[in-house]
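The block underneath contains the structure these notes are about, expressed in structure tokens.
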Amino acid sequence: MSVVELASELEDLLGSVGVSVDERVRRTASTDWAHMSPVLSAKLPAGLADVVAFPRTPEELARVLQAAYRRRVPVTPRGKGTGNYGQAIPLADGLVIDLTRCRRILEIGDGYMKAEAGATFVVMEAAAHRAGQDVCVFPSTVGSTVGGFISGGSGGTGSVEHGRTWDGNILALDVVPCTEDADLLARKGFEETLPFCHAFGTSGIVATATVRLAPARQWTALFTSFEHFADAVEAGRQIMALDPPPRLLSIDDPGLVEHYGDPAAMPLGKVSLRAIIDTSVVSDAGAVVTAAGGTVEEVRPKGAGLLTSLSFNHSTYRLRKARPEFTHLQVGGAGLVERTREAREVLPETLLHLDGVQGPSYAGMLMCRYDGEAALLAGIRGLEGLGVTVSSPHTWELHHDRVGLIRSTAARLDPAGLLNPGKLPAA
């Protein structure tokens, strides 16, 4: 009854086009890319929204949360649903708030942009370019929303130079709590915005974000190939140390390259190193590649979009389309590049994809044949014993070193525990 009453109240607030109880709409709003994980596909509780709301402004978002709080209806916030961990799946059913209509660019200045949570990075990057600037860090899925990326992501294009989202790239947030008097709370700087980064919306829902911009550069795509993985890793380190550094750098095993479909730029049977670099360092990057025993295959001025679509978890998606028996782990740490041979022996049919991150160093995806959850967990322990850090993409709960901070913030801003229940682990 509380959900039925909430749907009626939200229709009065948002109009009939701002609320839906249609089953197809509810099912679409209750899914994300968790099917990338065979563990989550088998175990994730398949929640289904009872009602979906589409606020158009931060103020409407606040009023929706007030109504949900009064009726004690669970709330799951949603951007484009591009996350891979079940972040947008409403485990307790209830209300899903789709923020994609709350999408205005509110302000652009020297070094910053303020946008509503539903603004996509395609739109934001285009707006930044018109102002002679670049968005410092954005996800490899460029259709993602800024609120979804901050709440569910961490790094991406731009992370070689600028780090993760929380490394000074979020200047301010307007956040809505789930309380009786829910209103926009202004949060500025690192300390105040950190509790909402990669928090899955459990500590408050991002309504607007002010992100850092940098002066625009003239980017081009560099495609190179190597016989040996270690040579590509070393060349990548040197390219990341160039001034200015690349916007993106990725390395792939031949077993991944064969699914990328561009053999002229990424020859079959070779390790592929690709980078989005400033045109001013093309010659220097080429010299690094040649000195490391590699070959410059192509410099493609309009290739940045392709390289973005071959980075981070897009590599897993492309492999699993052809070989669905594979799964992946998010990996990093010194052991990943210092003990690569041993790391490849831990799990069956291992393939490696690396992305450059600030340091310069590497993070990436380790793909392997999936032989069941127990074997995968044993493999994680084996990798960690080699100094490889593993962030498992096979759980819908938050699991990082800021969970305590997020939990304490949620205790204040979500006292009834209505925000995305099931995603924040118990103390």
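The values are calculated or read from the model by the stated rules, or taken from the named source; none is laboratory data. These numbers were taken from a predicted model, which means no experiment stands behind them. Ideal geometry is used to build each Cβ from the backbone, glycine not excepted, and the neighbour counts take in all protein chains shown.
Quick one: would you say Thr141 is touching a residue at least 40 places away in the same chain (Cβ under 8 Å) and out of contact with any His (no Cβ under 8 Å at 6 or more places or on another chain)? Break it down into steps so the answer makes sense when it comes.
Values: touching a residue at least 40 places away in the same chain (Cβ under 8 Å): yes; out of contact with any His (no Cβ under 8 Å at 6 or more places or on another chain): no.
Against the criterion (touching a residue at least 40 places away in the same chain (Cβ under 8 Å) and out of contact with any His (no Cβ under 8 Å at 6 or more places or on another chain)), Thr141 does not qualify.
Condition check: out of contact with any Gly (no Cβ under 9 Å at 6 or more places or on another chain) and closer than 15 Å to Gln330 by Cβ. Does Leu398 satisfy that? Break it down stepwise before answering.
Details: out of contact with any Gly (no Cβ under 9 Å at 6 or more places or on another chain): yes; closer than 15 Å to Gln330 by Cβ: yes.
Spelling it out, Leu398 is indeed out of contact with any Gly (no Cβ under 9 Å at 6 or more places or on another chain) and closer than 15 Å to Gln330 by Cβ.
For every residue, the table says whether it meets (1) part of a loop (DSSP other than H, G, I, E, B); (2) surrounded by fewer than 20 Cβ atoms within 10 Å (Cβ to Cβ); (3) outside the structural domain of Asp110 (by TED's automatic domain parsing); (4) at pLDDT below 95.
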| site | (1), (2), (3), (4) |
| --- | --- |
| Ala209 | no, no, no, no |
| Thr224 | no, no, yes, no |
| Ala230 | no, yes, yes, no |
| Leu242 | yes, yes, yes, no |
| Ile251 | no, no, yes, no |
| Leu256 | no, no, yes, no |
| Ala265 | yes, no, yes, no |
| Leu268 | yes, yes, yes, no |
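In this structure, does Gly404 turn out to be under 22 Å from the mean Cα position of the chain (by Cα), crowded, with 18+ Cβ neighbours inside 10 Å and among the small types (Gly, Ala, Ser)?
Considered against the rule, which asks whether it is under 22 Å from the mean Cα position of the chain (by Cα), crowded, with 18+ Cβ neighbours inside 10 Å and among the small types (Gly, Ala, Ser), Gly404 comes out as no.
Could you figure out which of (1) modelled with pLDDT under 95; (2) within 30 Å of Arg72 (Cα to Cα) isn't true of Gly359?
If we test Gly359 against (1) modelled with pLDDT under 95; (2) within 30 Å of Arg72 (Cα to Cα), just (2) comes out false.
Within region 311-427, considering only strands (runs of 3 or more DSSP E) that don't extend past its boundaries, which have at least 2 residues that are over 27 Å from Leu222 (Cβ atoms) and not hydrophobic (A, V, I, L, M, F, W, C)? Steps first, please.
On the way: elements: 326-332, 351-357, 361-369, 389-391.
Answer list for region 311-427: 389-391.
Going through region 25-63 one residue at a time, which ones are aliphatic (A, V, I, L, M), farther than 27 Å from Ile105 by Cβ and surrounded by fewer than 22 Cβ atoms within 10 Å (Cβ to Cβ)?
Scanning region 25-63 gives Met36, Val39, Leu40, Ala42, Leu44, Ala46, Leu48.
Here is a list of conditions, (1) farther than 30 Å from Thr193 by Cα; (2) touching an Asp or Glu at 6+ places or on another chain (Cβ under 6 Å); (3) of a type outside the set (Val, Ile, Thr), and Ala216 meets all of them except one; can you say which number that is?
Ala216 satisfies all of (1) farther than 30 Å from Thr193 by Cα; (2) touching an Asp or Glu at 6+ places or on another chain (Cβ under 6 Å); (3) of a type outside the set (Val, Ile, Thr) except (1).
Which condition from (1) free of Cβ contacts under 8 Å to residues at least 24 places away in the same chain; (2) loosely packed, with under 15 Cβ neighbours inside 10 Å is the one that Ala375 breaks?
In the conditions (1) free of Cβ contacts under 8 Å to residues at least 24 places away in the same chain; (2) loosely packed, with under 15 Cβ neighbours inside 10 Å, Ala375 misses (1) alone.
Sort through Ala131, Ala127 and tell me the only one that's farther than 24 Å from Ala186 by Cα and surrounded by fewer than 19 Cβ atoms within 10 Å (Cβ to Cβ).
Matching residue, one of Ala131, Ala127: Ala131.
If you take the residues in region 1-12 that are buried (at least 16 other Cβ atoms within 10 Å of the Cβ) and touching a residue at least 40 places away in the same chain (Cβ under 8 Å), which one is nearest to Ala62 (Cα to Cα)?
That would be Leu10.
Does region 73-120 hold any residues that are surrounded by fewer than 24 Cβ atoms within 10 Å (Cβ to Cβ) and under 19 Å from the mean Cα position of the chain (by Cα), and which are they?
Matches in region 73-120: Lys80, Gly81, Thr82, Asn84, Thr100, Arg103, Thr120.
Could you check how many residues of region 271-296 are outside any helix (DSSP H, G or I) and touching a Phe, Trp or Tyr at 6+ places or on another chain (Cβ under 8 Å)?
Of the residues in that region, 12 qualify.
Just to check your reading of the model, which residue among Thr295, Thr316, Thr327 is at pLDDT 95 or above, of a type in the set (Ser, Thr, Tyr) and surrounded by fewer than 22 Cβ atoms within 10 Å (Cβ to Cβ)?
One residue alone meets the criteria, Thr295.
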